[in-house]
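Here the structure is laid out as C-alpha cells; the discussion comes afterwards.
The numbers here are math on the coordinates, done by the rules we state, and not lab data. What you are looking at is a predicted structure, and each value in this text was computed from that prediction instead of being measured. Neighbour counts run over all protein chains shown; Cβ positions are idealised from the backbone, glycine included.
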Amino acid sequence: MIMYVKVVWHHEFDEEPTLLLSEIENRREVRKVEKFGDGRTQFAGPEGSTGDTTLSETLMPSPREIAQDPQFSLELMSAEDFEAEWRAAGGR
C-alpha cells in the first residue's frame, strides 16, 4: 500500500525542516520533500538527494502514531499533490 503524508513539525530549530512530505510504501519511505522556514526545499529519493535530506532507514510509524506526538501535525495527501511538490522541489 502506498500513502502520501504531509507532516508539519512544530519546533524552534532553524536548521531543521518545518514541513515533511513523504511517499511511503509498506511503511518504507520511498521519496521525501523537506521544506524549511527560510524557504529552502530539499528532497531525497531513489535517484539521489539534495542537501542533507535522506530517506528513513527504519520502518515508518503509522500515521496514527505520528499524529499522537504533539510536535507533529499530520495530513494524508493525494498522489497528485505529492507529485506536484516533488517536481517543484526538483525531483524527477
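When segment 1-22 is limited to residues that are hydrophobic (A, V, I, L, M, F, W, C) and touching a residue at least 60 places away in the same chain (Cβ under 8 Å), the one that is nearest to Gln42 (Cα to Cα) turns out to be Leu21.
If you filter segment 1-50 down to residues that are under 20 Å from Pro63 (Cβ atoms) and of a type in the set (Lys, Arg), you find that the one that is nearest to the chain's Cα centre (by Cα) is Lys32. Among the residues of segment 82-92, which ones are outside any loop (DSSP other than H, G, I, E, B) and either exposed (fewer than 14 other Cβ atoms within 10 Å of the Cβ) or in contact with a Gly (Cβ under 6 Å, 6 or more places away or on another chain) (or both)? The answer is Ala84, Arg87, Ala88. Looking only at segment 36-53, count how many residues are under 21 Å from Met77 (Cβ atoms) and without any contact (Cβ under 8 Å) to a residue 40 or more places away in the chain. Of the residues in that region, 8 qualify.
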